[in-house]
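Worksheet: the structure to be examined is printed underneath.
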Amino acid sequence: MSDPVPFLFTVVLLSLVANIGISLYGVFTRPSLVKKFISLTIFSDTLNSFAIAIGFRRVIGSYPSAAVLSSLPREPGELSAFASAAVDPLPQALVLTAIVIGLAVFMFLAGLIAMYYRHYGTTRMV
Amino acid sequence: MDLEPLVSSVLAALIPAYVASFLLYVVRVVKGPTIPDRVLAVDALGYDLAAFMVVLSVFLKSPFMVVCGLALALWVYAFDIYVAKYLEAKEMGG
Amino acid sequence: MGRLLGYLAVFAMTYAFYVVFTGAISVFSLAIGALMSAVVSVVVKPLVIPGELRASDLARLAYLVAYYFYYMAVAEVRAHAKIAKTVLSRRMEISPAIVEVPYYVKTSYGMTLIAGSITNTPGTVVVQVDTERRLFFVHWLFATTFEPGKAREAISVDFERFARRIFG
Amino acid sequence: MLDLALVVAGLALIAVGVFFDFVGAIGLLRLPNFFTRLHAATAGAIGGAVVPMIGASLVALGADYLGPARFFLAGAAFASSLLLMILAQAGSHAIARAAYLSREAPREPILHDALEEGGGG
Amino acid sequence: MRIREVVIAVSVALVVLLLAYVIEAGGLGPIAPRELRELAASYLVNAYNPWNVTQSALSLEAVTAIVWDYRGLDTFFETSVLFASIVGVSLVFRGYRERLGIGGRGLSEIVKTSTRVLLPLILIAGVSVALHGHLTPGGGFQGGSFIAVLLVLMSIVFSLDFVVERGLTSGRLLALRSVGLIGVLATSVALLAAGLALGVEAYIFQNVAREGSELSMPQWLLDRPTGGTLIFFNMFEALAVAAGLALAFLVLSLREEEVREALGVGEWYE
Amino acid sequence: MLAVGLLPLFLMGAAFALPALSLVVKSPRFYRAYATAVSLVGLLIALAVFLETRGGKVVTYRFGGFRAPLGIVYAVDALGAVLGLLAAFVLTMSIVYSTWMVRSRSEHLYYTLMLSLGAGSLGCLYTGDVFNFFVMLEVLSLSAYALVSFYRDNPKAVEASIRYAIVGIVATSLYLLAAFVLYGSYGTLNMADIALKARNPAAWTPYSGWVFGDVALSSAIAIALSAWTFTFKAAVFPNHFWLPDANPEAPTPVSALFVAVIDLIGAYGIIRFLYTLFGEGSAVSALRYDILLVLHVLGALSALVGALLLVVQTDIKKFVAYSTISHMGLAFMAATTGTESGVSAAVLQLISNSLSEALLFYAAGIAIVAVGRSIEGVGFLRRSRVASVAFIAGLLNLFGIVPVFVGFWSKLFILMALLEVGYLASAVVLVASTGISGVGYVKLIRYLARSSPEPREDPRLRSLAAPAVVIALVTSALVALGVAIVAAPEIVKIVMEAGAAAADYASYVRAVVGW
Amino acid sequence: MEVVPISIAAAAALLSVAATYLAVRSGDLLAAVVLSAVQSVAYALIYYILMAPDIALVYIPVSVGVLPAVTVLLIKKTERYEV
């Protein structure tokens, strides 16, 4: 095998896909609401990691850089050099949004679960 | 003297050792047997991973990434405190 | 005056940390940092330094730097060597025990400095602290004595000397 | 020349950090109970994390190929190491105390338990 | 229930296999490609581009530029999801009042003192991450969540009583959060309002001069670019997020006595 | 056009301000007046947007002044505008109704969530960006979860909210995954850009360039994932369970929003994805008919299941929920015929369904306040002439055999659309579900004729002005629409325009990315 | 050059699968929280290696700082063992 990077990257992607499966299984089969909660957080994190993996790219000769200019550019040529070495910033921006949204939803869900326990005295829900 | 190859090659040799020790930490997380044991292992794993991130940012030549290490160290500590409070107190707000 | 000094101390600590943390070399960063450190120090001063502060207190903080070097160069090296030797030896010779270690500093910062130093050297961990009787309960991996006085000799006497100079 | 010295010293510190990572990990696996493992974890945190952070900061100061942002790296790494000194001890103490008070973790083997006898609250 | 579990397992496995197939067959493009999507390249080139200001956000950091400028609308509504969630939490726990004197000693003295020392350091780190959002990685949400976790940590280390006594009541947090949110809103329509007042064309979420609109936010502060609206967005977002998350956690961690007081106080059904 | 961009932002900004105002003003009257005023302004803006889109125009607004794939663009065609007007109307009606019905110590939080729900639904209908659609969907969903648990002292409300939330989070996350997959292969998130490149994979647009991966494969999986989300939102057969669970526990005006607005978003998403984005001649055209067929069968099943379960309900709110499921199934059947007339019929069905189900809730709400949720309680409505007339009108409209109501025409159009493509079995399903649900409607009318249990004392019953106004307005809207179809075919043109706009990807693309 | 970081990412991904599996299977919810923290840390490392510092910076506070706090709080308020 001449180039191991695609293989290793496939391992990353497939592990994430496996995580999607495991956590979804946890959401739908475990009876405890808290366990469902934990599984849901893992599920949404995994989707986000998936998007980040989509945005990765390789650069010939070195490792790609983050989508941050390290100093003020003095000529337009520096910008195209930057664009040819940096990873895709758009999935990162999307994932940032998605993480915050997930956090918001989970905060609210936690409040609901606490209230559920006060009413029923258990966290089981079939 | 050119420093870049020196740094890169030494770090490339050290990084697998780091990863190996992380895997050993994870063995303790999985084995338990008690919650404090697991938390302790996560704790050590988190701190070392923070240091590892700092080292990686030298290795990958991307200085801005170093902040992640600080963040990880801080919030692993917070995680510690949460579990400690859980074990110790009657209520989390108490 | 004492209160103002307290604010100044918090501001100095915050701003120093900020400058080191951001590696600030631009005027923009330095200016924003100064402004924000001022805001932060005003907000948190009552929590960080509840009482008043004298000018001589600030001078004593210089010892903290000296202590840092002593601690990293001597105490940590000694403790790390010992734990490494034990862990990597075939049969680990350990004698774990929880011993009482008295301390005599008065401020909570001094107490925390000692306790932190004890915990941060592998081989000793503060498990519980009794602030009324001024006792640490230290889990000691290589216990040689169970007597409080002697344990203090073995564990914390060096740290305490510095702590008394720094925080009183 | 100074650059080279800084880089070599930094790399040496990083190597020491790797060694203590191993010590911490093996100690965490081999030692018999939670309270003894605490010491191994401390070795992992101080020797394995604070020391390489200082090392990385030295390397960054010396390695001028990183550009002007290396001061950022060096400063942040050093600041992280300072913070870690505070965090590690507080975290270890908190979890040890919680484990002791909640009786979650077994204390044996232990030769002498002053806390049990002295009855510290 | 066995059948249900089997059905679930099979359908989950199907989804997983489908996804794996799409990845392997190149549905998302080649794995770990060498070239970049053209849109990403446009963002990277335009994020800081003083030679083409009408397409640029003037931010050194491309992610912050996308988050708050190119896709500012998304982020605005993301903030409002967080807002709705906090409103929802306080709706579920409505009628509560934080009370003092229920007790709680917090953790040990050593942890308390260490946290006291950490307090200004983490705060300034959070502020720095937020305000350098357009220069280095970070931004309003990152900085705000630093501060929020600090507040959470305080309420756990020192106990809720201590925090509330020092003035971190839910009323104040609500006010702080409102200031942040209204700041975000005001920043997003600032140039539109200016445009309407001056009678010229302007856009919602406008940052600097765009095609058809000459209005622009201040672009430089001392020797660094401010990214126009970005620095304001980051500042207000940090405030809103820190106060909002802390408020939600405060409400969630109310002690049982306090919650029971709020429950069953004769709200009308139906 | 500025109004398009401003509308969701305006509603959300008003929601931001309400908790802040609550620190200053403590009067519930003020909150009610504030929410009503805000929603009325929103309704006016939606009306302006609707008028602007007449004649097949696509109105766009570029946020931040960026061109299409670079920034987010709102693109409103006739379909989005009609449904947006409908959503804004029902939202306003529900808020006015709430000023009478909802009494709580935290009314400002209630109205805040109502306004953010409105902002979310209008944003969904107006947006021209796949990811922005997800964000708006989350705004909508989170407000909905919170509103279901509004009566948190009722254990069932909390349980229903948790069930709804857990499955809802999974559903919206799958849509998120679909958006990521679309970005991965198309390299763009703009709907118009995707629509163009799905038809013509060789197309090049400024900023986003060419497609990146295997378009056909990723489009197929994106459709599969998002269809799951949309059928969930629209409460279509295998994912219908949340509606009868969540709906009865929510406050009545919120239930009206559930059946009238959230369902609408699901159906809109399906139409938008399967006609505008991946319509005829697109990358998935080989698979498209299979997908349409599956959704068609699901719609038919849901029409039958809803109608069958409706008959046996004894809870008025569940009754209306199942009736919604049945009628949404019909709308799905029409929307998945693959023809423009089918989509037009679906739009008309959505309008008729939303208005009349909401009307049933508004009318029954009075009985629910007085007697309770039992189906026998509707007898109470005889005491209010407006309510009883409106209730009968709503039922007849849903039954759909009286030509004065729009419900008749929508079912007729659906039947014609089904026959046009030769789906005879589906036509039979339509007739059968109408017949079965008719049994239930007749049963309800008979309960209306009987006397109800003794009403309880409730201060709200002293003045019924607000609900009467709402009910009268919605009823007259229903009747006016029905009469207008007979008298002035103009109204049919609006619906036809909406259906045509859904399939007319070319002018959509031209308006947004200028291809 | 790029093999080293990517293989670390692969190791972290495999680790996260193990952690997720154990977290979902574990009957002790507190242990599940700890294991999901391991998963979070592994993801943070993946984000780091895939050059997403912004995401790492936002993910770590959210997923190691806030969500475990909320979950531990929930477990404290409800029950620790899944029946």
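Note on D:Ser102/F:Ala488: beta-carbon distance plugged into 1/(1 + (r/R0)^6) with R0 of 60 Å gives a FRET efficiency of 0.20.
Along the charge dipole of region F:1-153, which of F:Val73, F:Thr36, F:Gly123 sits closest to the positive end, that is, farthest toward it, with unit charges on the beta carbon of Lys, Arg, Asp and Glu (+1, +1, -1, -1)? So the residue we want is F:Thr36. Once the Cα atoms are used to define both axes, helix E:140-157 deviates from the longest principal axis of chain E by about 10 degrees.
Farthest towards the positive end of the charge dipole of region C:50-107, among the residues C:Gly51, C:Val74, C:Thr86, is the Cα of C:Thr86, using unit charges on the Cβ of Lys, Arg, Asp and Glu. Report summary: the helix-based calculation at 222 nm, which adds -39500 (n - 2.57) for every DSSP H run with n ≥ 4 and divides by the residues of chain E, gives -20000 deg cm²/dmol. Of A:Ala81, A:Ala93, A:Ala18, the residue with the greatest mean-square motion in the GNM of chain A, using alpha carbon springs below 10 Å, is A:Ala81. Seen against the Cα atoms of chain E and their longest principal axis, helix E:2-24 is set at about 30 degrees.
Of the DSSP H helices in chain G, those that are both long (alpha-carbon extent of 20 Å or more along the helix axis) and hydrophobic (Kyte-Doolittle mean at least -1.0) are G:3-25, G:29-49. Computed about its Cα centre, the charge dipole of the protein assembly as shown is approximately 2480 debye, with only Lys, Arg, Asp and Glu carrying charge at their Cβ. For chain F, the longest piece that avoids every one of the GluC sites (Glu not before Pro) found in DSSP loops with at most 14 other C-beta atoms within 10 Å covers F:1-279. Any idea how far the Cα center of region D:2-16 sits from the one of region G:25-83, in Å? Between the Cα centre of region D:2-16 and that of region G:25-83, the gap is 35 Å.
Our note on the geometry: Cα centres of region A:19-49 and region F:363-406, 43 Å apart.
Ignoring lysines fewer than eight residues from B:Lys61 along the same chain, none have Cα atoms less than 21 angstrom from its Cα. Neighbour counts of C-beta atoms inside 10 Å place E:Trp68, E:Trp51 in the sequence E:Trp51, E:Trp68, starting with the fewest. Helix-only arithmetic for chain F: the sum of -39500 (n - 2.57) across DSSP H runs with n ≥ 4, divided by the residue total, places the mean residue ellipticity at 222 nm at -24500 deg cm²/dmol. Exposure proxy for G:Ile8, E:Ile102, G:Ile60, F:Ile325: other Cβ atoms within 10 Å of each Cβ, ordered fewest to most, give E:Ile102, G:Ile8, F:Ile325, G:Ile60. Using Cβ point charges alone (K and R +1, D and E -1), the dipole size of region B:29-89 about the Cα centre works out to roughly 180 debye. What the Cβ-Cβ distance of E:Arg4 and F:Glu420 gives, at R0 = 45 Å and to the nearest 0.05, is a FRET efficiency of 0.65.
Here is the list for region F:217-256: chymotrypsin sites (Phe, Trp or Tyr not before Pro) lying in DSSP coil, each with at most 15 other C-beta atoms within 10 angstrom of its C-beta, are F:Phe241. Between C:Val27 and E:Glu211, what FRET efficiency comes out of the Förster formula 1/(1 + (r/R0)^6) with R0 = 41 Å and r the beta carbon distance, rounded to 0.05? The value I calculate is 0.80.
Ordering of E:168-178, D:22-32, A:68-78, F:265-275 by packing is F:265-275, D:22-32, E:168-178, A:68-78, highest average first (other Cβ atoms within 10 Å, averaged per residue).
Between the helical axis of A:33-54 and the longest alpha-carbon principal axis of chain A there is an angle of about 10 degrees. Mean separation of Cα pairs under 8 Å and 6 or more residues apart, divided by the residue count, gives region E:1-128 a relative contact order of 8 percent. Between C:Val157, C:Val126, C:Val19, the residue with the greatest mean-square fluctuation in the GNM of chain C (Cα pairs under 10 Å linked by springs) is C:Val19. Measuring nothing but how far apart in sequence close Cα pairs (under 8 Å, 6+ apart) lie, relative to its length, region G:3-77 scores a relative contact order of 31 percent. When F:Asp290, E:Asp161, B:Asp37, D:Asp21 are arranged by Cβ crowding within 10 Å, least crowded first, meaning fewest neighbours, the order is F:Asp290, E:Asp161, B:Asp37, D:Asp21. Comparing E:Tyr21, E:Tyr48, E:Tyr96 in a Gaussian network model of chain E, where Cα atoms under 10 Å apart are tied by springs, the biggest mean-square fluctuation is seen for E:Tyr21. Summarising the strand pairing of the protein assembly as shown, around 85 percent of its internal DSSP beta bridges are antiparallel.
Between F:Val311 and E:Ile182, the distance separating the two model label sites (each 7 Å from Cα on the Cα→Cβ line) works out to 5.8 nm. Beyond 24 Å in Cα-Cα separation lie the following of the pairs A:Lys35/B:Lys85; A:Lys36/G:Lys76; B:Lys85/C:Lys45: B:Lys85/C:Lys45.
State the answer as a single residue: which of F:Tyr151, F:Asn200, F:Leu177 lies farthest towards the positive end of the charge dipole of region F:130-226, with beta carbon charges of +1 for Lys and Arg and -1 for Asp and Glu, about the Cα centre. With unit charges placed on the Cβ atoms, the residue in question is F:Tyr151. Rounded to the nearest 20, the size of the Cβ-charge dipole of chain E about its Cα centre is 600 debye, with Lys and Arg at +1 and Asp and Glu at -1. Each Cα pair under 8 Å and six or more residues apart adds its separation to the average, and for region E:70-262 the resulting relative contact order is 31 percent.
Read the figures in this text as sums done on the coordinates, not as results from a lab. This one's a predicted model, so the numbers in the text were calculated from it and none came from an experiment. Cβ atoms come from the backbone with ideal geometry, glycine included; neighbour counts cover every protein chain shown.
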